[in-house]
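K.L.:
I have a structure here, written as structure tokens, and I will follow up with some questions on it.
The values are calculated or read from the model by the stated rules, or taken from the named source; none is laboratory data. Just so it is clear, the model here is predicted, and its values are computed rather than measured. As a convention, Cβ positions derive from the backbone with ideal geometry for all residues, glycine included, and neighbour counts pool all protein chains shown.
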Amino acid sequence: MVGLISDHPPAFGNLYGKGERAMQWFYDMKVGKRLLVSFGVVLTLLMLVAGVGLWGLVASEHKVMAMLDTEGKLLQYATRLRANILGMRRGEKDIFLNVKDPGKVAEYYRESWSAQEKKADERFADLERVAIHADDKSDIKKIKENVQIYRDGFKKVYAMIGAGQIATPEEGNKAIMPYKDAIHIME
């Protein structure tokens, strides 16, 4: 039986190949020191994993903060714009309901409708400043176009009120009807 029985017993490292000499210092240690070195290696690996996890957490925090700076602001400004558009509509209704009183019509136009129109323009500027994605910019452009359709239509109706061509709320609603679809999309 050649090869099974040898004059020299195999060294422990022969079972693992060429690593015998590189790890000999480890095998020469006492058990307590081996445990201490092994614990140190495990602790080092644990600290490395914790460091990578912390780095990932910080990186994801930066992404969330960037998203809040863009997406969150877009949502905030879009919500405010919607409120301003609804305020314009409220001013429109107040004007129509008071169509027989030119003083109130002028007051509602100046203090309600025009004020909300100015705020809507500010919200559009905010949205355009914050938007970075092409689809967001496209949506803002479409909204702005629809608001402009409503705005132009309402100003025509307001001029008709001033000229005395519209004398009742019903006539005002009928006159604004062609422009309502554009503004209903925004609501």
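K.L.:
Considering segment 54-99 alone, what residues qualify as being surrounded by 11 or more Cβ atoms within 10 Å (Cβ to Cβ) and basic (Lys, Arg)?
P.N.:
73, 80, 82, 89, 90, 93
K.L.:
Of all residues in segment 13-31 being within 56 Å of the chain's Cα centre (by Cα) and part of a helix (DSSP H, G or I), which is modelled with the lowest pLDDT?
P.N.:
In this case the residue turns out to be 19.
K.L.:
As an exercise: evaluate residue 136 against (1) more than 14 Å from residue 85 (Cα to Cα); (2) surrounded by fewer than 15 Cβ atoms within 10 Å (Cβ to Cβ); (3) charged (D, E, K, R) and give the number of the one condition it does not meet.
P.N.:
(2)
K.L.:
So residue 103 passes all but one of these: (1) among the small types (Gly, Ala, Ser); (2) over 19 Å from residue 168 (Cα atoms); (3) free of Cβ contacts under 8 Å to residues at least 12 places away in the same chain. Which condition number does it fail?
P.N.:
Residue 103 satisfies all of (1) among the small types (Gly, Ala, Ser); (2) over 19 Å from residue 168 (Cα atoms); (3) free of Cβ contacts under 8 Å to residues at least 12 places away in the same chain except (2).
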